[in-house]
1. What are the pairs, 6+ residues apart or on separate chains, where a residue within the stretch 41-59 that is part of a loop (DSSP other than H, G, I, E, B) has its Cβ under 6 Å from a residue that is polar (S, T, N, Q)?
2. Is it true that ALA309 is over 20 Å from the mean Cα position of the chain (by Cα), of a type in the set (Gly, Ala, Ser) and open to solvent by less than 10 Å² (accessible area, probe 1.4 Å)?
3. Please go through the stretch 53-68 and give me each residue that is within 13 Å of the chain's Cα centre (by Cα) and either modelled with pLDDT under 95 or within 14 Å of ALA115 (Cα to Cα) (or both), ordered by number.
4. Find the strands (runs of 3 or more DSSP E) located wholly in the stretch 136-246 whose residues include 2 or more that are more than 30 Å from GLY264 (Cβ to Cβ) and modelled with pLDDT of 95 or more, and list them.
5. Restricted to the stretch 60-104, and to residues that are part of a loop (DSSP other than H, G, I, E, B) and basic (Lys, Arg), which residue is nearest to ASN357 (Cα to Cα)?
6. Give the stretch 268-303 a look and list any residue that's surrounded by fewer than 22 Cβ atoms within 10 Å (Cβ to Cβ) and under 19 Å from GLY52 (Cα atoms), or say none.
7. Of all residues in the stretch 312-330, count the ones that are outside any strand (DSSP E or B) and either over 21 Å from ALA258 (Cα atoms) or open to solvent by 30 Å² or more (accessible area, probe 1.4 Å) (or both).
8. Any idea which of VAL45, VAL127, VAL83 is hydrophobic (A, V, I, L, M, F, W, C), over 21 Å from ASP338 (Cα atoms) and more than 17 Å from the chain's Cα centre (by Cα)?
Amino acid sequence: MRLMRYGIIALLVTGVAAAQAGTIETVAGAGGKTNNGDAGKALDVNIGQTFGVEFGPDGALYVCEVENHRVWRVDVKTGMAKVVAGSGRKGYDGDGGPATKASMNEPYEVRFDSAGNMYVVERVNAVVRRVDGKTGVITTIAGTGKPGFSGDGGPATSAQFNQPHSIALDEAKGHLYVADIINHRIRRVDLKSGTIETVAGTGAKKQPEDGKVARGLPMAGPRALYVTEADRTLWIALREGNSVWKMELDTGVLHHVAGTGKSGWNADKTVTMAEAMFAGPKGIVVDRQGRVFVADTENQATRMIVPKAGKVVTIAGGGPKSRGLGGDGGEATAAKMDRPHGICFGPDGRVYMGDTNNHRVRAIQVD
């Protein structure tokens, strides 16, 4: 019985069969990190340090550029790209005006609501900003622009974060979740009332507890978040915790998904979810079949967790010693990457990732 929709790995009900690797290619970024313009062919423009990647409701790919503090829109069909947020100047200004004129400071991840509004988290500015889908005007919706920890129970715009990295939207409830890394917390913004609260983490750098309500429990470096609204779940990748967890959105109960909690690499073979080792995971996405894809950053790999089979397999990259650049046009498992961060699915069925230090966005063909 073939469980994989796109043909990355052939899975049997009785286990996991041999991997059938897809090919990998670069879809955006010329490989340089200096600013060489704000529009052009996607393979000719420099997108310095690619982090978060996400497809918007318009079908285009949006890419966070940390080096030059911008967000790009890439039309995958035409191969053209342009900047849609960030002036290229490092700073924090521009609220109330066009997003392309605003100064940003290390945009790390981007998300969209169904109305086409874009949400961007800026790590160094310690804020979350919103770009209106109709007007292109940018505003801050959470954070003061100064790092710290404060504000729970009050307005999100008066709250402080410390190096927020990832965001996730729960549109059904009107909530925005923020991975507040250095504060070792996950915080939730009510987009209707504008208030903020902590829903997981105490500030202590410790592993969570399986089967317990997250509120009031430690959370070791939540780095990447993703919401699946169909089953009301928040998926969490812990960088310092080197593991993957999920939280029931309506009850707050945590469940351990995969990872021993120790940094390492044992993916030269298919491993169980319990014995799998990760090294600083920084990106997570879940498909409609419930497969979880993780940017295993320090292992220079993309991993796939298959809960139905209880297994973890590698679909791109080859472990910490494989760090580098290479492999386009060939099998993804033989490719080299350099600290990949963001990850998402495209409408074409490919897995897209920000190959950060190679200053590229790469895609795995999985048809």
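1. Close Cβ pairs (under 6 Å, with a partner that is polar (S, T, N, Q)) amount to ASN46/THR34; ASN46/ASN36; GLY48/ASN68; GLN49/THR356.
2. Judged against the criteria, ALA309 is not a match.
3. Across the stretch 53-68, the qualifying residue is only PHE55.
4. Output list reads 138-142, 164-170, 175-180, 185-190, 196-200.
5. Per the criteria, the residue is ARG89.
6. Selection gives ALA279, GLY280, VAL286, ASP287, GLU298.
7. Here the count works out to 11.
8. VAL83
The values are calculated or read from the model by the stated rules, or taken from the named source; none is laboratory data. What you see is a predicted model; the values in this text were computed from it and never measured. Cβ: placed from backbone, ideal geometry, glycine included. Neighbour counts: every protein chain shown. We work out accessible area using only protein heavy atoms, side chains counted, and drop any ligands, DNA or RNA first. Shrake-Rupley method; radii C 1.70, N 1.55, O 1.52, S 1.80 Å.
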